[in-house]
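The values are calculated or read from the model by the stated rules, or taken from the named source; none is laboratory data. Values in this document were obtained by computation on a predicted structure and should not be read as measured data. Note: ideal-geometry Cβ built from the backbone for every residue, glycine included; neighbour counts use all protein chains shown.
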Amino acid sequence: MNTILSRFARFALVAGLAMAAAACNYTSFPDPQLSARDVELLALAPKSLNRDLDPARARYRMPNPTKERVPGTIVVDTQARFLYFVEEGNTVLRYEISPGEEAHQWTGIATIGRKVEWPSWTPGPTARKMNPALPGTVPGGPENPLGARAIYLHDERGRDTEYRIHGTNEPDMIGLPVSLGCIRMHNIDAIDLYNRVKIGSKVVVL
C-alpha cells in the first residue's frame, strides 16, 4: 500500500509541475534534425535514464528571465544549473546543464570562437594532474567526454579560455556540479544549441 501511495504521490507531483510549467507559459520544442553520423554515434553513446523525468528541469522555450536582450546570446546560470539561449521576441530556450565543481566554477564574459562536431579531447594540465594516466588525446566519438558537440569559449582578446560548452558521455551527471569548469549538456541539447549559436556570439556565465 505504501508503495502504491508513493507512486501516486510522485505522479501527482510530476503532473502538478507540468501543469505549473504550462501555466507559466513554458512550451516544449522538438529535438534537432540529426545527420546519419549523429544517429549512428548517438546510438552507441551512454544513455541517460533520468532525462526529462523532472518537468521542473525540462527543456523549454520560456519568457526571458535574464538581463541579456541580444538574440543569440548565451547565459549560463551556474547556481540554477540552466543555460539560456536568447531569442527574438524576448524569449529564451532553456537547457539543463552541469557546471563546474565548486572549486572550478567561474563567472565572466566570453565569446564563441569555434564550434566542432564530435570533437576530440586533449586533457588540460588540471585534468592531467588529477589523472596522470589520461591519454594525450581522446578521439571524437560516443565515449569522448566532450560528447556530440563542443562550443569553444574565447576571451576578449580571442584567446582560447580552455572552457567549453559541450555534450557528455556521462548523461546521468547532468544537473550536478561535476566538471573542471566546462558546461556540460545532454548530447541532444548540445546538438540543438550548436545548430543555433554563431561564431562571435556573447556568452555570459553567472
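Quick grid of which residues meet (1) surrounded by 15 or more Cβ atoms within 10 Å (Cβ to Cβ); (2) of a type outside the set (Val, Ile, Thr); (3) in contact with a helix residue (DSSP H, G or I) (Cβ under 8 Å, 6 or more places away or on another chain):
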residue	(1), (2), (3)
Asp54	no, yes, yes
Met62	yes, yes, no
Arg94	yes, yes, no
Thr107	no, no, no
Pro119	yes, yes, no
Asn131	no, yes, no
Val138	yes, no, no
Of all residues in segment 74-92, which are under 20 Å from Ile112 (Cα atoms) and loosely packed, with under 15 Cβ neighbours inside 10 Å? Glu88
Please find, among Tyr152, Tyr194, the residue that is farther than 16 Å from Asp38 by Cβ and not basic (Lys, Arg). Tyr152
Residue selected from segment 147-173 under the condition hydrophobic (A, V, I, L, M, F, W, C) and surrounded by 23 or more Cβ atoms within 10 Å (Cβ to Cβ), by the criterion farthest from Leu83 (Cα to Cα): Ala148
Pairs needed: first member in segment 120-146, under 18 Å from Asp38 (Cβ atoms); second member anywhere, surrounded by fewer than 11 Cβ atoms within 10 Å (Cβ to Cβ) and aliphatic (A, V, I, L, M); C-beta distance under 9 Å; at least 6 residues apart or different chains. Gly141/Leu44; Pro142/Ala43; Pro142/Leu44; Glu143/Leu44
On the basis of being surrounded by fewer than 18 Cβ atoms within 10 Å (Cβ to Cβ) and either modelled with pLDDT of 95 or more or out of contact with any helix residue (DSSP H, G or I) (no Cβ under 8 Å at 6 or more places or on another chain) (or both), does Pro71 make the cut? yes
Of Asp155, Asp189, Asp160, the only residue that is touching a residue at least 40 places away in the same chain (Cβ under 8 Å), within 21 Å of Val70 (Cβ to Cβ) and among the acidic types (Asp, Glu) is Asp155
Strands (runs of 3 or more DSSP E) contained in segment 96-206 and holding at least 3 residues more than 26 Å from Leu49 (Cβ to Cβ): 108-117, 149-154, 160-166, 202-205
Condition (residue is touching a Lys or Arg at 6+ places or on another chain (Cβ under 6 Å) and modelled with pLDDT of 95 or more) applied to segment 37-44: is it met by at least one residue? no
